[in-house]
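A.B. asks: The following block contains the structure, expressed as C-alpha cells.
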Amino acid sequence: MIEVANLTKRYGSFTAVDDLTFAVQPGIVTGFLGPNGSGKSTTMRMILGLDAPTAGTATVGGRALSRHDRPLTSLGFLLDAGAVHPTRSAFDHLRALAVTNGIPTSRVDEVLEIVGLGEVGRRRSGGFSLGMGQRLGIAAALLGDPEVVMLDEPVNGLDPEGILWIRHLLQDLARDGRTVFVSSHLMSEMELMAEHFVIIGQGRLIEDISVDELRVMAAGEKTHVRADRLDDLVGLLRADGVDIVSDDRETVSVSGLDPGDIGAVARDNGIALTALVPEQRSLEDVFMSLTADAVQYHGAPNKVAAG
Amino acid sequence: MTTLTAHTESSPRTGKIRLANVIRSEWIKFWSVRSTSITLVAAGLATIALGMIFSAVAESDDVEGPAALLSDPVDIALGSIGLTEMIIGVLGVIFVAGEYSTGLIRTTFASVGRRSRVIAAKAVVIATGVFAVGLVAVTGAVAAGQALYAGSQATVAVTEVWEVVLGTTLYLTGIALIGVALGFMLRSTAGGIGTLFGTVFIGPGLLTLLPESVTDAFMKYLPSEAGSAMMSRVSDPELLSRSAGYAVFAAWVIGLLIVAGVLVNRRDA
Ligand SMILES: Nc1ncnc2c1ncn2[C@@H]1O[C@H](COP(=O)(O)OP(=O)(O)OP(=O)(O)O)[C@@H](O)[C@H]1O
Ligand SMILES: [Mg+2]
C-alpha cells in the first residue's frame, strides 16, 4: 500500500504538489490521472524518496521507501523508460540493478522473458524502439517481485497491442494482491485498466474515486433536444436553474431539467419532439471537465473562419 | 528465537543492502559501457606507447652537453602523463555525469536508498580500476622507456623509480576520484569537465601570472602541485615535500568527495 499524507512540494514560489492526501490500495489497479504538469511525476519522485517533500509524507507499507531493507523488493517502479545507458545491453542494465538488492541474475532472464525481450536482451538498448524501451522499464519494475508496482506513464509509446499487453499484465499483478499505481494524462488509456482513480490538477486532489462512481458522474446533466417548434419549446422551458444552449440550428442542449420533464412540457403544448437524447458523457469527458479549471497549459482555442 | 534465526541469512530476500552489493553493481556498470571501460584501457595503452616513442626519440637524438644531463629517463618515459591525467579525470566525471544525463541516477538512488553508498561504490570501483591499470601502464612505460633510453646519467636507483611509479599511479587514482566528486557536484558532463580543467589542469598555469609572492604562498597546495610533489623523483624547492604532497592531495580528494556527498544528500535527485 502507498500512503500519501498532506504531501506538498514547492519549487521556489511554485507549488507543484499541494497538500495531497490519498492511499493506494492493494488488489486493484489505481490510475493516477492529471493533465500535463499537474504534479504526477513529482508525487512519484517523492514516494521514491528522490525529491524531499516541502511538507507531508509519502510511505510504502508504512515506511519511507529509503527505509526499506531492499527497496526493489518492496516497490518496483518505472519513472522514465529512457533512463538507460544506450550502449549498455538490457541484460547488463538489469543485472546492475538486480545486484544492488541481492536479486539473483536468474531473475534478470525471467523478467526479460516476461516482457518479451528475451531475444534482444544481450543487444545494446540504444537500438530499442520506444515500445521496447518501455518494456525494459517495466522489466526493471518487476525485478524484485515487489508487492507494490508504480509506473509513470507506462503506456507512452506503446502500440495498441502493447497497451493491451500492459493492461493484462497490470491486472494480473493486481489479482495477485499487489498494489498497482499507474499514472497517465489520458483517461482513455486508463479507463479499461484501472478500478480506481486518483485525479489531480495543479497539484491538488480533485477526486479519489472508483470507476463505478465515475460512471455515475458520467451520466450527463444535459439533454439534447430537437423539436418541430424548437423556439417555442425553448421559451416554455426557460426557468430559474435551467440552462439552454444551442448546439446547432436544429438542436439545443438543456441542463437542469430531466428528459421526462422536457417531454411533458412538449406534450402539454402540442409540440412534437424529434429527438430527446440524454447525454452520456465519456469518462474522458468527465475527467476533462473535472480538471478543466486546473489545466495549466491551455492550447489556443481553434479558430474557425466564420465564413 | 535461537535456532530459527540462523537460517534467515541465506534467503536472498532478507537482510539489508551491503556496500558490497552496490560496488558489484557499479563494477558491472563501469565495464559494460565502452565510454568508461575502453577509455580506461586505452589511456593505459597510450601511456606505454607514448612513453616508448618519447624514449626512442630521446635515444636517437642523443643530445650532447648540458641538455643531456637535464633529460631524466624516467621523466621522458612518463612524458605523456599529463595527457593520461586529463583522460582519467574526464573518465571520472563521465562515470557519474553520464548517469545523470540519462536519468539512470534516479533509478540507482531509489533502488539503493542511501545515496552516500552510491558515491562510495563508484569511488571504490573507479579507484580500483584506475589504480590497477595505472600501475601497469606507468610501470610499463618506465620499464620500456628505460630499455630504450638510459640517458647519460648514472642508472637511476630502483627505489626512487618505484616512488615515482607509485606516486604517479596514486595521483592518477586521486584525479579520477576528483572527477567522480565533480560529476556528483555538477551533475553534467560539460560542467564537470570544465571545472576539472579550470581548477586542476589549466587554472594553476594561469595563477603563475599573479605576482610571485602571491603564487609562492599557496600554489604548492593546489591538487596539481601537491601531485607534482608526489610524482617527482628529486625534491623541488617550489613544491611540498613528498609526504606533505601526499597529505595535501589526499585532503583535496577526500574533502571534495565529502562535499559531493553532502550536496547529493541535500538535493533532490
Ligand atoms: N525540479 C523542478 N523545478 C521546478 N519546477 C519543477 C520541477 N519539477 C517539476 N516542476 C514543475 O512542477 C509541475 C509538475 O510537474 P510534473 O512533472 O510532476 O507533472 P506531471 O503531472 O508529471 O506532468 P506530465 O503529464 O507532463 O508528465 C510542472 O509545472 C513542472 O514544471
Ligand atoms: Mg510526468
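A.B. asks: Among A:Val245, A:Val149, A:Val17, which one shows the highest mean-square fluctuation when chain A is modelled as a Gaussian network with alpha-carbon springs under 10 Å?
C.D. replies: Result: A:Val245 has the largest fluctuation of those listed.
A.B. asks: Across peptide B:23-32, what mean number of C-beta atoms from other chains lies inside 10 Å of a residue's C-beta?
C.D. replies: Per residue, the number of nearby Cβ atoms from other chains is 5 on average.
A.B. asks: Quick one: work out Rg over Rh on the C-alpha atoms of region B:144-215, Rh as Kirkwood radius. Please list the in-between numbers first.
C.D. replies: Details: Rg = 17.8 Å, Rh = 15.4 Å.
Checking Rg against Rh, the ratio lands at 1.15.
A.B. asks: Looking at chain B, which longest stretch skips every one of the GluC sites (Glu not before Pro) that is in a DSSP loop with at most 12 other Cβ atoms within 10 Å, leaving the sites themselves out?
C.D. replies: Longest gap between qualifying sites, sites excluded: B:65-237.
A.B. asks: Ignoring ligands and nucleic acids, what accessible area does B:Met230 show with a 1.4 Å probe (Å², nearest 10)?
C.D. replies: It works out to around 0 Å².
A.B. asks: Before I look further, what does the protein assembly as shown give for accessible area per residue, probe 1.4 Å, in whole square angstrom?
C.D. replies: Numbers: 26690 Å² over 576 residues.
Accessible surface, normalised per residue, equals 46 Å².
A.B. asks: Between exposed GluC sites (Glu not before Pro) in chain A, where DSSP calls loop and at most 16 other Cβ atoms lie within 10 Å, what's the longest gap?
C.D. replies: A:1-118
A.B. asks: Which percent of the accessible area of chain A is formed by carbon and sulfur heavy atoms (probe 1.4 angstrom)?
C.D. replies: Summing carbon and sulfur atoms, their accessible area is 49 percent of the total for chain A.
A.B. asks: How big is the dipole moment of region A:58-125 about its Cα centre under a simple scheme where the beta carbon of each Lys and Arg is +1, that of each Asp and Glu is -1, and everything else is neutral? Debye, nearest 20, please.
C.D. replies: My answer is approximately 220 debye.
A.B. asks: Lys/Arg Cβ at +1, Asp/Glu Cβ at -1, dipole of chain A taken about the Cα centre: which of A:Asn269, A:Phe128, A:Gly241 is farthest positive-ward?
C.D. replies: About the Cα centre, the residue reaching furthest to the positive side is A:Phe128.
A.B. asks: Then there's this: At a probe radius of 1.4 Å, what is the per-residue accessible area of A:Asp261, in Å² to the nearest 10?
C.D. replies: 80 Å²
A.B. asks: Turning to a different aspect of this structure: Which residue, A:Leu236, A:Leu170, A:Leu143, tops the fluctuation ranking in a GNM of chain A built on C-alpha contacts under 10 Å?
C.D. replies: Looking only at A:Leu236, A:Leu170, A:Leu143, the largest GNM fluctuation is found for A:Leu236.
A.B. asks: Largest first and in whole Å, give the semi-axes of region A:221-283's equivalent ellipsoid, each being the square root of 5 times a Cα gyration tensor eigenvalue.
C.D. replies: The equivalent ellipsoid of region A:221-283 has semi-axes of 17, 13, 11 Å.
A.B. asks: Okay, moving on. Between B:Ala77, B:Ala226, B:Ala143, which gets the highest mean-square fluctuation from a Gaussian network model of chain B, Cα cutoff 10 Å?
C.D. replies: Residue with maximal mean-square fluctuation among B:Ala77, B:Ala226, B:Ala143: B:Ala143.
A.B. asks: If R₀ is 56 angstrom, what is the calculated FRET efficiency for the pair A:Arg238 and B:Phe197, using the beta carbon separation as r and rounding to 0.05?
C.D. replies: That pair, A:Arg238 with B:Phe197, gives E of 0.15.
A.B. asks: Could you run the numbers on buried accessible area between B and A, total for both chains, 1.4 angstrom probe, in Å² to the nearest 100?
C.D. replies: Chain pair B/A: roughly 2800 Å² of buried accessible area.
A.B. asks: Next question, about the same structure. From the Cα gyration tensor of region A:1-96, with a ≥ b ≥ c the square roots of its eigenvalues, which class applies: rounded if a/c is under 1.5, or else prolate if a/b is larger than b/c, or else oblate? Working shown, then result.
C.D. replies: Numbers: a/c = 1.81, a/b = 1.40, b/c = 1.30.
The shape class here is prolate.
A.B. asks: Which stretch or stretches of region B:191-209 have amide N atoms under 19 Å from the point lying 7 Å from B:Ser35's Cα along the Cα→Cβ direction?
C.D. replies: B:191-197
A.B. asks: Now for a different question. Subtracting the Cα-Cα distance from 0.36 nm times the residue separation, let me have the gained length for A:Arg267 to A:Ser282 in nm, one decimal.
C.D. replies: Here the segment from A:Arg267 to A:Ser282 would lengthen by 2.4 nm.
A.B. asks: Continuing with this model, one more query. Sort largest first and round to whole Å: the equivalent ellipsoid semi-axes of chain B, each the square root of five times a Cα gyration tensor eigenvalue.
C.D. replies: Working through the eigenvalues yields semi-axes of 39, 22, 17 Å.
A.B. asks: Next question, about the same structure. If eta is 1.002 mPa s and T is 20 °C, what Stokes-Einstein diffusion coefficient results for the protein assembly as shown, Kirkwood Rh from Cα pairs, in µm²/s?
C.D. replies: Numbers: Rh = 28.4 Å.
Approximately 75 µm²/s, per Stokes-Einstein.
A.B. asks: Take the Cα radius of gyration of region A:2-215 and divide it by 2.2 N^0.38 Å, with N its residue count; two decimals is plenty.
C.D. replies: Against the compact-globule rule of thumb, the ratio is 0.99.
A.B. asks: Using a simple charge model, +1 on the beta-carbon of Lys and Arg, -1 on the beta-carbon of Asp and Glu, nothing else, what dipole does region B:19-266 show about its Cα centre, in debye to the nearest 20?
C.D. replies: The calculation lands at about 1840 debye.
A.B. asks: Which lysines, on any chain, are close to B:Lys16 with Cα under 25 Å apart, when same-chain ones fewer than 8 places away are left out?
C.D. replies: Hits, sequence-local ones excluded: B:Lys29, B:Lys122.
A.B. asks: No solvent, one uniform scatterer per C-alpha: report log10 I(q)/I(0) for region B:117-269 via the Debye equation at q = 0.13, 0.14, 0.17 1/Å, two decimals.
C.D. replies: For region B:117-269, the Cα-only Debye profile gives -0.69, -0.79, -1.07.
A.B. asks: Further, regarding this structure: Just name one of B:Ile48, B:Ala110, B:Val22: the one whose Cα is farthest towards the positive end of the charge dipole of chain B (beta-carbon charges, Lys/Arg +1, Asp/Glu -1).
C.D. replies: B:Ala110
A.B. asks: How many partner chain Cβ atoms sit within 10 Å of a residue's Cβ in peptide B:34-45, on average, as a whole number?
C.D. replies: Whole-number average of other-chain Cβ neighbours for B:34-45 is 1.
A.B. asks: Using 0.36 nm times the number of residues separating B:Val136 and B:Ala251, minus their current alpha carbon distance, what extension gain do you get?
C.D. replies: 38.8 nm
The values are calculated or read from the model by the stated rules, or taken from the named source; none is laboratory data. On a predicted model such as this, the values are computed, not experimentally measured, just so you know. Here Cβ is always computed from backbone atoms with ideal geometry, including for glycine, and neighbour counts include all displayed protein chains. Accessible surface is based on the protein model in full, side chains and every heavy atom, while ligands, DNA and RNA are left aside. Shrake-Rupley method; radii C 1.70, N 1.55, O 1.52, S 1.80 Å.
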